[in-house]
1. When only residues in the stretch 458-473 that are of a type outside the set (Phe, Trp, Tyr) and open to solvent by 100 Å² or more (accessible area, probe 1.4 Å) count, which is modelled with the highest pLDDT?
2. When you check Ala293 against the structure, is it under 18 Å from Phe350 (Cα atoms), among the aliphatic types (A, V, I, L, M) and in contact with a Ser or Thr (Cβ under 8 Å, 6 or more places away or on another chain), yes or no?
3. Would you check which residues across the stretch 276-290 are under 14 Å from Asp236 (Cβ atoms) and open to solvent by less than 20 Å² (accessible area, probe 1.4 Å) and list them?
4. Out of all the residues in the stretch 122-141, which are among the small types (Gly, Ala, Ser) and either within 13 Å of the ligand (Cβ to nearest atom) or in contact with a strand residue (DSSP E or B) (Cβ under 6 Å, 6 or more places away or on another chain) (or both)?
5. Would you confirm, using the coordinates I've provided, whether Ala108 is in contact with a strand residue (DSSP E or B) (Cβ under 8 Å, 6 or more places away or on another chain) and among the hydrophobic types (A, V, I, L, M, F, W, C)?
6. If you scan the stretch 199-222, which residues turn out to be under 16 Å from Val255 (Cα atoms), within 6 Å of the ligand (Cβ to nearest atom) and open to solvent by 20 Å² or more (accessible area, probe 1.4 Å)?
7. How many of the residues making up the stretch 234-254 are open to solvent by less than 10 Å² (accessible area, probe 1.4 Å) and assigned to a helix (DSSP H, G or I)?
8. Report yes if Ala161 is within 9 Å of the ligand (Cβ to nearest atom) and either of a type in the set (Val, Ile, Thr) or in contact with a strand residue (DSSP E or B) (Cβ under 7 Å, 6 or more places away or on another chain) (or both), otherwise no.
Amino acid sequence: MTAHTSAEPTAELTALFHRQKTAQRGQPVVERDVRLDRLTRLQEALLSAEPTLIAAMSDDFSHRPAMESRLYDIDLVLGEIRQAKRHLKRWMRVRRAPVPLVYKPARAEIRPQPLGVVGLISPWNFPVQLALAPMVAALAAGNRVMLKPSELTPRTSAALAEMLASVFAPEEVATVTGGPQIAQAFSALPFDHLFFTGSTSVGRKVAEAAARNLTPVTLELGGKSPAVIMPGADLDRAGRRIAWGKAMNAGQVCVAPDYVLVPRKKMLPMTDAIMGGFMHFFPDGPESDDYAAIISERHHARLTAMLSEAEARGAQILRLEGATGNARKFAPTVVLDPPQDIALMQEEIFGPILPLVPYDDPQEALDFVAARDHPLALYVFSDNKKEQELWLDHSTSGGVTVNDVAIHVGFGTLPFGGVGASGQGSYHGRAGFETFSHLKPVVRQAKRNGMAIAEPPFKGWRKRALGMMRKLM
Ligand code: NAD
C-alpha cells in the first residue's frame, strides 16, 4: 500500500501504476489458488479490522448506527467474498460455444481472462462496501487493484488503507487517498478498467478522462429513484418499508426512495403510514442511536436549504419530533405535494426528506417517471399482478423491487447497476466477475477443414459452393 496525500500526486501515482503493471505483465496467468488466497486475505483482514472500521465510520458521520455499518458495509462484502470463493471455479471455467455449420469441425470457446490493472473510485455513503465489493469482483477476476476512496470519510479511508496494506503488497492492491484533485489525476491513469461509484456529474468527468485512454468504464451513479403506490397497494406495509428505506443511513443511500407517487385520494393515509413507520423505528426521535447523522455540515446545509425552499413555496411539511442534540442529525421529513421546479424535485435528495407527489391516474404516474432520467431503482407497491407488470413493462430503471425498497441490491445473485444517467455496467456476484474479466472468444481450427472454399480465385466449384453458403451462415 502507498498512501498519497500530496497535492501533486502525478509522478507518484504513475510510478505506483507502473509497479502494478510490471507485476501484472510478469504474472499474466492468475491461477485460482492465487485469487482464492487474495480473497481469503481480504476476508481475514476485514474481519479483524471490523471494530476499527465501524468506529471510523461512526466518527466520519459524527454518528452512524453500528448495526447499519455491520450489515451494509461489512456483511455485504463478506457475502460477496464468500460467494466468489464458492463459485470461482465455475466462473473461471473455459466455456464451450456452439460452432456454425460452415466452420465445423473447428472448436469455439470463451475464456475469461484478467483485464490487468483496474482503478476503483468510491463514494462516502457506504465507504467500506462501495470500496471493497468492487474489489472482491476485481480480485476474483485476477486483477491488480488501485483504490481511491472518498475524502469525505477520512478516518474510514485511512483505516481501509491500513487494513489493505497489512495483507497486500502495493503491486497487488494499493490505496490512494486524497480529494478531487488526486481523484482527477487518478482517473487519468491508463487503467485496463475504471470502476466509478458516485454522482452523475462526477461520473461524466470520469468517463471523459477514461475516454482519453480508451479505458473502459463502469459507472455506478445516482439519481432520483421513485416509489410508486398503485391503487392495489397495502398502504401500511408500503409506508413502513418506504420509511425504512428512507431512514437507513439517514437517506444517504443511492437506492433510497427519493420521492413517492401516491394516488391523490390516498395522500392522507399514505402520509400517516410513512410517519407511523418513522415513529415506530425511532420512538425517541432522531436522537436515537439507530439513526445516522449527515456526513458533513455542507450536506446538512444543503438539505436544510431544500426544505426551506419547499416551505417558502407553500408545501406542507411533517417532521419526526424529538431533540437532535447532534447538530448533524436531520429528522426524517415528509413534504406533501411540492412544486416541481424546486431543488427537492430537480436534484437527487440523498438525505431523509421524502416528497409525496399526488397523481390522478396510473398513466400520469408512468409519464412522470418516463419524462425524467432513468432512475437507479424503482419501487412498485401493489398486490395486483397487472399493476406490477404495467410498471415492469413500461418503465426503465437500473433495478426494481416490488412491494419493498432497496433489497434487490443485497441479492448477490443479481447484477446491480444503473441505466442511462444512473450508470452503465454492473457488478455483484458473477456479474462483477464478468465486468472485470475479458471474455475472450477463441476459435481452434481443425487440421482438415473447409476454409479452402473461401479462397480465390472464385470460379467453378468454389463459386457454386459459395453461392450456397449463404443458407449455412
Ligand atoms: P462524488 O461523485 O462527489 O464522489 C465520488 C468519488 O469521486 C470520490 O472518491 C471523489 O474523490 C471522486 N471524485 C471527485 N471529483 C472527481 C473527479 N473530477 N474525477 C474523478 N473522481 C472524482 O459522490 P459522493 O458525494 O461521494 O457520493 C454520492 C453520490 O454517489 C450520489 O449521487 C449517489 O447516488 C451516488 N452513489 C451511487 C451508488 C451506486 O451504486 N450506483 C452507490 C452510492 C452512491
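The values are calculated or read from the model by the stated rules, or taken from the named source; none is laboratory data. What you are looking at is a predicted structure, and each value in this text was computed from that prediction instead of being measured. All Cβ positions, glycine included, derive from the backbone under ideal geometry; neighbour counts span all protein chains shown. Heavy atoms of the whole protein, side chains included, go into the accessibility calculation; ligands, DNA and RNA do not. Shrake-Rupley method; radii C 1.70, N 1.55, O 1.52, S 1.80 Å.
1. By that ranking, first place goes to Lys459.
2. yes
3. Gly277, Phe278 - these are the residues of the stretch 276-290 that are under 14 Å from Asp236 (Cβ atoms) and open to solvent by less than 20 Å² (accessible area, probe 1.4 Å).
4. Hits for the stretch 122-141 are Ser122, Ala131, Ala133, Ala137, Ala138, Ala141.
5. Spelling it out, Ala108 is indeed in contact with a strand residue (DSSP E or B) (Cβ under 8 Å, 6 or more places away or on another chain) and among the hydrophobic types (A, V, I, L, M, F, W, C).
6. Answer for the stretch 199-222, where residues must be under 16 Å from Val255 (Cα atoms), within 6 Å of the ligand (Cβ to nearest atom) and open to solvent by 20 Å² or more (accessible area, probe 1.4 Å): just Ser199.
7. Qualifying residue count for the region: 10.
8. Considered against the rule, which asks whether it is within 9 Å of the ligand (Cβ to nearest atom) and either of a type in the set (Val, Ile, Thr) or in contact with a strand residue (DSSP E or B) (Cβ under 7 Å, 6 or more places away or on another chain) (or both), Ala161 comes out as no.
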